[in-house]
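Below is one structure, written out as structure tokens, with a few remarks after it.
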Amino acid sequence: MKPSVTKLLLSGVILASSFSTFAQSTCALPANVFSFTYNGSTYEVVRENKTWVEAAACAVDHNGFLAEINDQAEQDAIFAELSNASITNSNTVASDGGGASYVWIGGNDLGTEGEWTWDGDNSGSGNQFWQGTASGSPVGGLYNNWGNEPDDFGSGQDGLGLAITNWPLGVAGQWNDVADGNTLYFIIEYPSTAGVDNQE
């Protein structure tokens with residue numbers, strides 16, 4: 001094969017690979033991301049509407065996971081930063097969550113109803129932090145911040161939303177189980193050693 005043809009084919013392969021990588025890394029446009037740090041970890045509030053599964057996939061694509069909240073201090077820090085993230089509340093509403101506005105975080109009970117786990121990468125495994133409905137209990141003393149929830153209202157409320165407005169069974173800052181098919185904004189957390197993925 002002539003050198004010029006080889007170079008052209010190689011250039012085409014590299015170009016196709018670059019487009020593929022770019023397409024995979026654009027699940028969230030940089031203009032729609034608000035970043036902050038807390039206790040050595042970086043977080044991103046992504047102002048794009050995705051289902052819980054799509055949000056988890058986007059987090060993984062960016063080398064992170066949907067946020068896992070382990071204590072009151074982390075909860076307070078994240079909730080405080082939401083007010084700085086230029087969120088339009090009406091753009092991230094879960095109608096089955098009392099009409100309140102929410103952002104996705106990394107908990108779900110997709111595997112077994114009532115077994116709430118931190119599974120922000122949607123791998124199907126994670127630490128279980130809650131068992132049951134609102135009358136249930138924390139598992140292993142792990143932190144939780146439910147309103148008068150979870151209630152699996154209407155069946156199929158398997159995603160964990162952090163409320164940014166009040167609803168009939170809770171107040172802004174508390175957690176609610178809402179249908180994972182809702183399209184909401186979301187919070188990505190990055191391991192403290194990994195840093196933020198370059199999104200250019």
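Within the assembled protein chains, the solvent-accessible surface assigned to GLU115 is about 70 Å², based on a 1.4 Å probe. Accessible surface of SER192, taken over heavy atoms with a 1.4 Å probe and every protein chain present, rounds to 80 Å². Compute the signed sum of charges (Lys and Arg +1, Asp and Glu -1) over the other residues within less than 9 Å, Cβ to Cβ, of GLU113. My count for the surroundings of GLU113 gives -4. Separation of region 160-193 and region 40-76, taken as the distance between their Cα centroids, equals 10 angstrom. For VAL139, neighbours were defined as the other residues whose beta-carbon sits under 13 Å from its Cβ, and their charges (Lys and Arg +1, Asp and Glu -1) total -2.
Positive contributions from Lys and Arg (+1) and negative ones from Asp and Glu (-1), summed over other residues with Cβ under 12 Å from the Cβ of GLY181, come out at -3. Computing FRET efficiency as 1/(1 + (r/R0)^6) for SER86 and ASN127, where r is the C-beta to C-beta distance and R0 is 25 Å, gives about 0.20.
Quick one: ranking GLU189, GLU54 by accessible area, 1.4 Å probe, largest first, what do you get?
Details: GLU189 20, GLU54 95 Å².
Result, largest first: GLU54, GLU189.
Rolling a 1.4 Å probe over the protein chains gives PHE79 an accessible area of about 70 Å².
The values are calculated or read from the model by the stated rules, or taken from the named source; none is laboratory data. Note that the structure is predicted; figures quoted are calculated from it, not measured. A quick note on method: Cβ atoms are made from the backbone with ideal geometry, for glycine too, and the neighbour counts reach across all protein chains shown. Surface areas here come from the heavy atoms of the whole protein model, side chains and all, with no ligands, DNA or RNA. Shrake-Rupley method; radii C 1.70, N 1.55, O 1.52, S 1.80 Å.
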